[in-house]
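Read through the structure below, which is laid out as structure tokens, and then see the notes.
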Amino acid sequence: MELTLTTGRELPPPDAAEDGVWLQCIDCDETYAPFDEIRYTCDCGSLLEVRYDDLPDWDDFEGRGVWRYSAALPFDEGVSLPEGDTPLHRVPRLESAVGVESLRVKHEGMNPTGSFKDRGMTVGVRVAGELGVDRLACASTGNTSAALAAYGARAGVETLVLLPAGKVAAGKVAQASLHGARILEVDGNFDTCLDIVQDLADRGEAYLLNSLNPFRLEGQKTIGLEILEAHREDYGEYPDRIVLPVGNAGNTAALYKCFRELVAAGALDVDDVPKLTGVQAEGAAPMVEAIEEGNDETRRWDHVETIATAIRIGNPVNAPKALPGIRETGGTAVAVSDEEITDAQRALAGEGVGVEPASAASVAGLRKLRERGDVAADERVVCLTTGHLLKDPDAAAAAGAKPQPVPGDTDGVLAHLQD
Ligand SMILES: *Cc1c(COP(=O)(O)O)cnc(C)c1O
Ligand SMILES: [Zn+2]
């Protein structure tokens, strides 16, 4: 295995480095000082990555949650609720039904606002404080807006969120609303919302906290660090494969960066890097298309539809960072139907793990790849579930059993139970 997108050490820290941290273009290698000016992308138009002149080893980590890994982050602490330290569930029935050596579920729905977005926000909002901005903004399929609203509230900074009208699950809008975000319902899909908020950010109207912002991905890297540490503790080895739902592909990019940094630091053998395996919904699968066709870029899908609204995205902004991650780790990408997603959501719920539809895509994708023989029986697999069941109560109620009306007396209830 060879990881061609390098990171950190082999390049000397440029003049742009502040406390050993800088931003570097993934294409042209141009570097920028991280906190002198507000910048999301390189002048050449490509994505930026956060770089460090010193990468940590496992013994540099202490404490719990995202900030346990501060040695791998730009700051020692952030605006925290706190986040991370999520469970790595055992799911024995699902494990034997899928037919793999081991299956664990990393439930990111257990973060403070119910999704992994909190990991990115604790770092991103800290950076916003460093830059001294007074308004934070994001486009969102829901969870980013919930996280931004909560972390913005905690930091005492105004928040603005752009949502695709009618396409955001109820729990997420409720969160953004109560945490005090100004919510704009846009007549368009997520990709349109992101185009608009990027324009607003470019015009200096707000600080952008979508995953285009490279600091978000730093926080999300900690998912990988937690998985590796917990898996090693339980099995004495790292997982062979990590399966995750893919929308904007920020998490895929973040996990890949996590692995590259560990390899560069000598903390992970390159042959132990888990295979990154992305799952999309059939109605919104530009990453799967790019992997299948061997393309370096995704084609923008203008019409996207799926019950998994959190990954209803046709133009994944982090594709240039994530596609090499899937390829170079020996992973793959697969699309699943809404029905397969709902089945997987029920199967997870049957193990006590309550997730929203997008999250269940990881398990649905693993099932499909195992059936196809693309995942082997002797693999140790971790599926990432990205958001909590209560995020989308309508989807949960539709997938679950219907409440049964009964009379208001015990005899009537007993009679009903005997039917
Ligand atoms: C944001 C989100 C995703 C997509 O993650 P990316 O990093 O954009 O690929 C998947 N599931 C849930 C629940 C999310 O909130
Ligand atoms: Zn560049």
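Assuming 0.36 nm per residue, please report the length gained on full extension of the stretch Cys28 to Arg203 beyond their Cα-Cα distance.
Fully extending the segment from Cys28 to Arg203 adds 60.5 nm.
State the answer as a single residue: which of Val127, Gly99, Val173 lies farthest towards the positive end of the charge dipole of the chain, with beta carbon charges of +1 for Lys and Arg and -1 for Asp and Glu, about the Cα centre.
Val173
Mind running the shape call on region 328-419? Use the C-alpha gyration tensor, a ≥ b ≥ c as the square roots of the eigenvalues: rounded below 1.5 for a/c, prolate if a/b tops b/c, oblate otherwise. The partial results should precede the final answer.
Details: a/c = 3.39, a/b = 2.61, b/c = 1.30.
In terms of gyration-tensor shape, prolate.
About the Cα centre of region 110-197, how large is the charge dipole given +1 on each Lys and Arg Cβ and -1 on each Asp and Glu Cβ? Please answer in debye to the nearest 20. Intermediate results must be reported in sequence, preceding the final value.
Values: 8 positive and 8 negative charges, 62 e Å.
In total the dipole reaches around 300 debye.
Quick one: plug the Kirkwood hydrodynamic radius of the chain (C-alpha pairs) into Stokes-Einstein at 20 °C, 1.002 mPa s, and report D in µm²/s. It would help to have the intermediate numbers written out before the result.
Working: Rh = 21.5 Å.
This corresponds to a translational diffusion coefficient of 100 µm²/s.
What percent do you get for the relative contact order of region 298-343 when only Cα pairs under 8 Å and 6+ apart count? Please report the intermediate quantities before stating the final value.
Details: 21 pairs, mean separation 15.7, N = 46.
With pairs under 8 Å counted, the relative contact order is 34 percent.
Rank Leu217, Pro324, Gln404 by how far each Cα sits towards the positive end of the charge dipole of the chain (+1 on Lys, Arg Cβ; -1 on Asp, Glu Cβ) and give me just the farthest.
The listed residue farthest towards the positive side: Gln404.
Evaluate E = 1/(1 + (r/R0)^6) for His416 and Ala165, where r is the Cβ-Cβ distance and R0 equals 51 Å; express this FRET efficiency to the nearest 0.05.
Details: r = 41 Å, r/R0 = 0.81.
My answer for the efficiency is 0.80.
Over region 117-214, calculate the relative contact order: mean separation of alpha carbon pairs under 8 Å at least 6 apart, over the residue count, as a percent. Numbers along the way, then the final one.
Values: 168 pairs, mean separation 32.4, N = 98.
This gives 33 percent for region 117-214.
On a 0 to 90 degree scale, rounded to 10, what angle separates helix 143-155 from the longest Cα axis of the chain?
60 degrees
Quick check for you: with a 1.4 Å probe and neighbouring chains kept, what is the accessible area per residue of region 117-214, in Å²? Please list the in-between numbers first.
On the way: 3430 Å² over 98 residues.
Ligands and nucleic acids excluded, the result is 35 Å² per residue.
In region 229-248, which residues have a backbone nitrogen under 13 Å from the label point lying 7 Å from Arg64's Cα in the Cα-to-Cβ direction?
none
Ordering Lys391, Lys275 by how much accessible area each has at a 1.4 Å probe, largest first, what is the list?
From most exposed to least exposed: Lys275, Lys391.
How much mean residue ellipticity at 222 nm does the chain get from its helices, if each DSSP H run of length 4 or more adds -39500 (n - 2.57) and you divide by all residues, to the nearest 500 deg cm²/dmol?
On the way: 13 runs with 157 residues, N = 419.
So the calculated ellipticity at 222 nm is -11500 deg cm²/dmol.
At a 1.4 Å probe, what is the % contribution of carbon and sulfur to the accessible area of the chain? The partial results should precede the final answer.
Working: 7350 of 16450 Å².
Ligands and nucleic acids excluded, carbon and sulfur give 45 percent.
How far apart, in nanometres, would the label points at Asp19 and Glu101 be if each is projected 7 angstrom from Cα along the Cα-to-Cβ direction?
Label at Asp19, label at Glu101, 4.1 nm between them.
Pulled fully out, how much extra length does the chain show between Arg154 and Ala174, if you take 0.36 nm times their separation in residues and subtract their Cα-Cα distance? Mind showing how you got there, number by number?
On the way: separation 20, 0.36 × 20 = 7.20 nm, distance 1.70 nm.
Net length gain for the segment: 5.5 nm.
Check the chain and count each lysine pair with an alpha-carbon distance under 14 angstrom, considering only pairs eight or more places apart or from different chains.
Pairs that pass both the separation and distance tests number 10.
Taking the Cα centre of the chain as origin, work out the dipole magnitude from +1 charges on Lys and Arg Cβ and -1 charges on Asp and Glu Cβ, in debye rounded to 20.
Working: 38 positive and 71 negative charges, 221 e Å.
About 1060 debye.
Rounded, prolate or oblate: pick one for region 117-214, where a ≥ b ≥ c are the square roots of the eigenvalues of its C-alpha gyration tensor, a/c under 1.5 means rounded, and failing that, prolate if a/b is larger than b/c, else oblate. Each step should come with its number before you reach the end.
On the way: a/c = 1.74, a/b = 1.23, b/c = 1.42.
Taking the square roots of the gyration eigenvalues as a ≥ b ≥ c, region 117-214 is oblate.
Given Cα pairs under 8 Å that are at least 6 residues apart, what percent is the relative contact order of the chain? Don't skip to the end; give the middle numbers.
Working: 895 pairs, mean separation 73.9, N = 419.
It comes to 18 percent, rounded to a whole number.
Once phi is turned into ³J(HN,Hα) by the Karplus curve 6.51 cos²θ - 1.76 cosθ + 1.60 with θ = phi - 60°, what whole-Hz value does each residue of region 199-204 show in order, with x for glycine and proline?
Each residue's phi maps through the Karplus curve to give 4, 4, 5, 4, 8, x Hz.
Express as a percent, rounded to the nearest 5, the fraction of DSSP beta bridges in the chain (both residues included) that run antiparallel.
Numbers: 15 of 45 bridges.
That works out to approximately 35 percent antiparallel.
Can you tally the net charge around Ala395? Count Lys and Arg as +1, Asp and Glu as -1, for every other residue whose Cβ sits under 15 Å from the Cβ of Ala395.
On the way: positive: Lys167, Lys172, Arg312, Arg346, Lys391, Lys402; negative: Glu305, Asp338, Glu339, Glu340, Asp343, Glu356, Asp392, Asp394.
Counting the neighbours of Ala395, the net charge comes to -2.
The values are calculated or read from the model by the stated rules, or taken from the named source; none is laboratory data. Worth saying up front: this structure is predicted, and the values here are computed from it rather than measured. Glycine also receives a Cβ, built like all others from the backbone with ideal geometry; neighbour counts cover every protein chain displayed. The accessibility values were calculated without ligands, DNA or RNA, using every heavy atom of the protein model including side chains. Shrake-Rupley method; radii C 1.70, N 1.55, O 1.52, S 1.80 Å.
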